[in-house]
Amino acid sequence: MKKSTVKVTIIIAVLLVVVVGYYAYLSGKSRNAANEAKMTQTQLVLSRDIQNDYPPTVKEVIKYYTDIQKCLYNEECTDEEVEQLGLRARELYDAELLENNEESMNILQLKADVASFRSEGNKINSVAVSSSVNVDTFTDDGYEFARIQCSYTMIEGGKSKQTSTIYLLRRDENRRWKIYGWDLAQNVNPE
């Protein structure tokens with residue numbers, strides 16, 4: 001009886017080693033697959049489902065828009081990704097802005113702007129969107145509007161440069177804030 005107990009113990013020990021070894025093999029394989037599956041910043045921005053998870057506030061709309069801009073101007077994007085990012089930005093635009101910027105021309109212009117920006121060695125270093133308490137809201141002609149300031153630190157020609165942009169957003173019929181337009185802060189008269 002002792003011989004059979006020893007045999008059973010050895011078989012169980014061997015099976016246990018095989019199971020633990022196989023588990024270690026599989027967990028190492030899944031870790032490698034997870035490392036290979038890391039998404040680029042561009043892929044992360046494009047993966048956001050804004051049809052079902054639209055940014056809820058003025059600040060969040062502009063934060064997402066600046067994330068798109070940083071991908072366009074800072075990341076190594078393919079032509080297809082530039083087009084996808086441009087189309088994603090257009091999803092944040094107000095209907096009037098879309099009417100005034102025909103899609104194919106808008107995408108062609110965007111590709112040219114991105115290529116020019118990159119060829120000059122420029123980069124968006126940082127972006128700071130004003131806090132939600134600094135959003136100026138008002139009503140005009142029956143529409144709700146909001147203004148928010150966004151500061152950019154750019155690297156142009158090896159030198160740091162600060163610019164500020166004022167974004168104007170209008171609330172649509174679905175109560176979503178859409179980008180109505182923008183201009184440099186220095187060109188906007190305070191009202």
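The values are calculated or read from the model by the stated rules, or taken from the named source; none is laboratory data. Bear in mind the structure is a predicted one, so any value in this text is a computation, not a measurement. Here the Cβ is made from the backbone with ideal geometry for all residues, glycine too, and neighbour counts use every protein chain on show. Ligands, DNA and RNA are excluded from the accessible area calculation, which covers all protein heavy atoms including side chains. Shrake-Rupley method; radii C 1.70, N 1.55, O 1.52, S 1.80 Å.
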Residues Asp113, Asp136: which one is open to solvent by less than 80 Å² (accessible area, probe 1.4 Å), of a type in the set (Asp, Glu) and within 19 Å of Tyr73 (Cα to Cα)? Asp113
Step by step: first the residues of the stretch 139-159, then only those that are over 23 Å from the mean Cα position of the chain (by Cα) and touching a residue at least 12 places away in the same chain (Cβ under 8 Å), then the one that is surrounded by the most Cβ atoms within 10 Å (Cβ to Cβ). Which residue is that? Phe145
Can you name the residue in the stretch 84-113 that is out of contact with any Lys or Arg (no Cβ under 7 Å at 6 or more places or on another chain) and in a loop (DSSP other than H, G, I, E, B) and is also nearest to Glu173 (Cα to Cα) among such residues? Glu91
Picked from the stretch 42-83 (must be assigned to a loop (DSSP other than H, G, I, E, B) and open to solvent by 80 Å² or more (accessible area, probe 1.4 Å)), the residue modelled with the highest pLDDT is Pro56
Tell me which residues, restricted to the stretch 160-191, are among the acidic types (Asp, Glu) and either open to solvent by 70 Å² or more (accessible area, probe 1.4 Å) or not in a strand (DSSP E or B) (or both). Asp172, Glu173, Glu191
Which of the residues belonging to the stretch 164-191 are among the aromatic types (Phe, Trp, Tyr) and either within 19 Å of Ser131 (Cβ to Cβ) or modelled with pLDDT under 95 (or both)? Tyr167, Trp177, Trp182
Which condition number does Leu87 fail, the rest of (1) under 13 Å from the mean Cα position of the chain (by Cα); (2) closer than 28 Å to Asn134 by Cα; (3) surrounded by fewer than 18 Cβ atoms within 10 Å (Cβ to Cβ) being met? (2)
Within the stretch 98-110, considering residues that are hydrophobic (A, V, I, L, M, F, W, C) and either open to solvent by 70 Å² or more (accessible area, probe 1.4 Å) or in contact with a Cys (Cβ under 6 Å, 6 or more places away or on another chain) (or both), the one farthest from Gly158 (Cα to Cα): Met105
